[in-house]
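The values are calculated or read from the model by the stated rules, or taken from the named source; none is laboratory data. As the structure is a prediction and not an experimental result, all values here were calculated from the model. In this analysis, Cβ positions are derived from the backbone assuming ideal geometry, glycine residues included, and neighbour counts consider all displayed protein chains. All accessible areas refer to the heavy atoms of the entire protein, side chains included, with ligands and DNA or RNA removed. Shrake-Rupley method; radii C 1.70, N 1.55, O 1.52, S 1.80 Å.
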Amino acid sequence: GAVVSQHPSWVICKSGTSVKIECRSLDFQATTMFWYRQFPKQSLMLMATSNEGSKATYEQGVEKDKFLINHASLTLSTLTVTSAHPEDSSFYICSARDSGGGGGNEQFFGPGTRLTVL
Amino acid sequence: AQSVTQLDSQVPVFEEAPVELRCNYSSSVSVYLFWYVQYPNQGLQLLLKYLSGSTLVKGINGFEAEFNKSQTSFHLRKPSVHISDTAEYFCAVTSASSGYSTLTFGKGTMLLVSP
């Protein structure tokens, strides 16, 4: 149980285009999901907390107009990187917390999405 | 504020030797602590967690960690490592200051197991 999927697993796009990444909780409901960014050989940096049915909470320094987050259902959150540029190239990882209390406060992580902007 | 320090960026070790990966946290309030493993180009997998109770926590793959409040540490140990344990290991903390809602990660320790 407690499986989180991400799609796509990798994407290459041209500079200036937008890219949408999906994060799904497959066997549990998640009112709260999290989006992280990880640069090569570095740690995970929290970008935003995604709340079902309400606006996301962004961490300081993260541009909300560039990284659009939508959490329209209890099993799906999306991250859209708008007008992507090469510096947005990174590994994006989502996680989800079980609303039903399973796992306590544990976050279950997706496999990540590798974004490369040319 | 909550923070995590992983003192070693890389730990080389021979197969079947014991290993300890160090983690220290900073928080003025109650904490939950986690260790995750990340294999190349993959997400994070939970190894173990400390929420409360016994300070010695056993996890998957033969790993264990001990919560030491006085030293604000949560070091990860394994008595005998395998080649397949080669991966990046992250210590993470959440605390009452964030409502136990957000995780703060350390910079990670790369465990390199050689034959």
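Data overview
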| item | result |
| --- | --- |
| Shielding by partners, peptide A:31-43 (average Cβ within 10 angstrom, other chains) | 3 |
| With all protein chains modelled, accessible area of B:K69 [1.4 Å, Å²] | 150 |
| Zero-based 5 Å bins, Cα pair distances in the range A:47-90, whole percents | 5, 23, 30, 23, 13, 6, 1 |
| Solvent-accessible heavy-atom area per residue, rounded to whole Å², over chain A at 1.4 Å | 48 |
| Value in Å of the Kirkwood radius, where the range B:17-83 supplies the Cα pairs that are averaged | 12.7 |
| Inter-label distance, nm, simple model (7 Å from Cα along the C-beta direction), B:V29/A:E87 | 3.4 |
| Taking all pairs of distinct alpha-carbon atoms in the range B:47-103, Kirkwood radius in angstrom | 12.7 |
| Cβ charges +1 (Lys, Arg) and -1 (Asp, Glu), total dipole of chain B, debye | 340 |
| R0 of 25 Å, Cβ-Cβ distance A:N105-A:K20: FRET efficiency to nearest 0.05 | 0.35 |
| Length-normalised contact order of the range A:1-83 in % [C-alpha pairs under 8 Å, at least 6 apart] | 31 |
| Free-standing Cys, chain A [no other Cys Cβ under 4.7 Å] | A:C13 |
| Total accessible area lost when B and A pair, probe 1.4 Å, Å² to nearest 100 | 1400 |
| Stokes-Einstein D (µm²/s) once Rh is taken as the Kirkwood radius of chain A over alpha-carbon pairs, at 25 °C in 0.890 mPa s | 174 |
| Simple spin-label estimate for B:S114 and B:K58 in nanometres, 7 Å along Cα-Cβ | 3.3 |
| Cα extents of the protein assembly as shown along the three principal axes, largest first (Å) | 49, 38, 32 |
| Neighbour count of at most 15 Cβ within 10 Å plus DSSP loop: longest GluC sites (Glu not before Pro)-free window in chain B | B:17-115 |
| For chain B, the fraction of alpha-carbon pairs in successive 5 Å shells from zero, as % | 2, 13, 24, 25, 19, 10, 5, 2, 0 |
| For residues of B:40-50, the mean tally of beta carbons on other chains within 10 Å | 5 |
